[in-house]
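First the structure, in the form of structure tokens, and then the observations on it.
The values are calculated or read from the model by the stated rules, or taken from the named source; none is laboratory data. Small disclaimer: the values here were computed from a predicted structure and weren't measured. Positions of Cβ are backbone-derived with ideal geometry, glycine not excepted, and every protein chain shown enters the neighbour counts. For the accessible areas, the whole protein counts, side chains as well, though only heavy atoms, and no ligand, DNA or RNA atoms are used. Shrake-Rupley method; radii C 1.70, N 1.55, O 1.52, S 1.80 Å.
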Amino acid sequence: MRIAQRAQRVEPFYVMELAKAASAMAAQAREGDRPMIYLNIGEPDFTAPPAVMAAAERAIRAGRSQYTQATGLPALREAISGWYASRFGLNIDPSRIVVTAGASAALQLACLALIEAGDEVLMPDPSYPCNRQFVQAAEGRAVLIPSGPEQRFQLSAQQVEAAWSSATRGVLLASPSNPTGTSIARDELERIARFVRSRQGVTLVDEIYLGLSYEEAYGHSALGLLDGLGDEVISINSFSKYFNMTGWRLGWLVLPPALVPAVERLAQNLFICASTIAQHAALACFEPDSLAEYERRRHEFKARRDYFIPELNRLGLTVPVMPDGAFYAWADVTDLCQRWGVPPPGQRPDEGGSWALAFELMQRCQLATTPGRDFGLAAPGRYLRFSTANAMAQLQEAVARLEQAL
């Protein structure tokens with residue numbers, strides 16, 4: 001059977017290979033062995049709050065499961081608009097909001113609406129691997145630009161200007177970012193958006209971790225950029241991370257008004273609509289009790305960060321930039337590889353470095369992590385991602401095991 005070239009260009013999601021290996025190792029454990037601790041998957045350990053689950057049950061019992069408009073329930077679009085107003089002080093017209101089948105569908109729709117075959121999209125290296133795959137699936141080309149700790153693992157306006165070519169369509173940023181948990185400084189983001197505007201390009205910003213921001217200097221939506229720049233930004237968001245609804249597959253886009261009809265047409269044909277039950281349930285996310293619970297959980301995520309990052313640094317797994325959001329630690333494991341005799345990264349990304357170290361950690365510490373191979377090309381063997389979306393007791397046990405192994 002002939003497989004389309006676009007499918008062959010999409011790389012595997014290697015984090016899942018490590019997850020399978022960790023699960024297989026855990027399944028072979030004998031009675032009395034230490035259980036595997038999973039700090040590899042970026043999924044909150046919290047589930048949807050009671051009000052959200054109750055709303056889903058009510059919708060099911062009432063038979064409210066028919067298709068919605070492709071753009072989503074009007075009430076949900078209004079509720080999202082209200083959240084932007086109360087949380088960020090932004091006046092976002094509900095007509096600019098398109099509810100989608102997760103942030104993945106949001107990115108797919110945005111890429112299909114904006115990218116022609118051969119268009120280049122500039123992205124930081126490291127960055128979330130699926131983002132560049134969406135660009136490639138739309139027949140575009142993701143151009144990864146090395147972005148080190150000195151710039152918070154984010155693109156600078158100077159880099160964007162230097163890399164811009166006649167084939168460049170725009171930039172795809174993430175703030176806060178997976179895998180680093182770092183955000184773009186507001187003034188730098190403004191400089192990037194202003195330059196992109198001058199080249200008649202597009203600025204897409206993945207803001208799915210925006211609700212999980214911990215520092216006052218960050219945690220501001222790109223939609224709030226001044227001089228009309230925020231009105232031109234395409235923002236991708238999700239109910240998965242801050243709202244703890246990963247498997248419900250619900251997200252949204254905020255679009256410039258002129259782009260809404262094109263995205264709506266694509267959504268009608270590709271998805272019809274996002275899950276109706278999930279949409280009715282998500283309305284309860286914005287009830288006062290739910291919002292209070294989400295904020296309590298955000299403080300818990302911050303407490304985990306504040307414990308775990310200094311412990312990694314103490315043990316020599318250096319996190320060069322303190323994450324200001326999300327629930328990740330992007331650790332430089334060069335020193336640990338040397339101490340354990342793990343060979344340095346080879347010519348292939350599955351040779352030595354953090355890839356080999358991840359398997360060592362599973363063997364020695366029964367600790368599942370994510371090597372840097374998925375996230376870019378600049379230094380994949382140097383960094384390892386830890387997810388702190390796990391209970392504090394689990395993080396403490398992980399530190400104890402690391403300390404013992406060291």
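Values for this structure:
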{"item": "Angstrom value of the Kirkwood radius, inverse mean 1/r, which spans all Cα pairs in the chain", "result": "21.9 Å"}
{"item": "Check: the range 30-99 dipole with +1 on Lys, Arg Cβ and -1 on Asp, Glu Cβ, in debye", "result": "240 debye"}
{"item": "Under 5 Å, built H, 5+ apart or other chain: amide partners of residue 143", "result": "121, 122, 123"}
{"item": "J(HN,Hα) series, the range 90-99, from Karplus relation 6.51 cos²θ - 1.76 cosθ + 1.60, nearest Hz, glycine and proline x", "result": "10, 9, 9, 4, x, 5, 8, 9, 10, 7"}
{"item": "Full-extension gain in nm, residue 216 to residue 194, via 0.36 nm per residue minus C-alpha separation", "result": "5.6 nm"}
{"item": "Per residue accessible area in Å² of the range 1-45, where ligands, DNA and RNA are left out and the probe is 1.4 Å", "result": "73 Å²"}
{"item": "For residue 382, residues with placed amide H under 5 Å, excluding near neighbours", "result": "354"}
{"item": "Backbone N under 19 Å from the residue 289 label point (7 Å along Cα→Cβ), restricted to the range 220-258", "result": "243-245"}
{"item": "Among 35, 99, 51 the positive-end extreme of the charge dipole of the range 18-126 (Cβ point charges)", "result": "51"}
{"item": "Range in the chain, longest, excluding exposed GluC sites (Glu not before Pro) [loop by DSSP; at most 14 other beta-carbon atoms within 10 Å]", "result": "217-350"}
{"item": "Carbon/sulfur fraction of accessible area - the chain, other protein chains in place, 1.4 Å, %", "result": "51 percent"}
{"item": "Size of charge dipole - the chain - debye, nearest 20, with Cβ of Lys, Arg +1 and Asp, Glu -1, no other charges", "result": "720 debye"}
{"item": "Point-to-point label distance, residue 303-residue 165, nm (Cα→Cβ direction, 7 Å offset)", "result": "5.1 nm"}
{"item": "Test item: Cα-centred dipole of the range 1-72, Lys/Arg +1 and Asp/Glu -1 on Cβ, debye", "result": "420 debye"}
{"item": "Stretch in the chain that is longest and holds no trypsin sites (Lys or Arg not before Pro) that DSSP places in a loop and that have at most 11 other beta carbons within 10 Å", "result": "31-406"}
{"item": "Degrees, to the nearest 10: 260-270 long Cα axis against longest axis of the chain", "result": "70 degrees"}
{"item": "C-alpha long axis of helix 14-27 to longest principal axis of the chain, angle in °", "result": "50 degrees"}
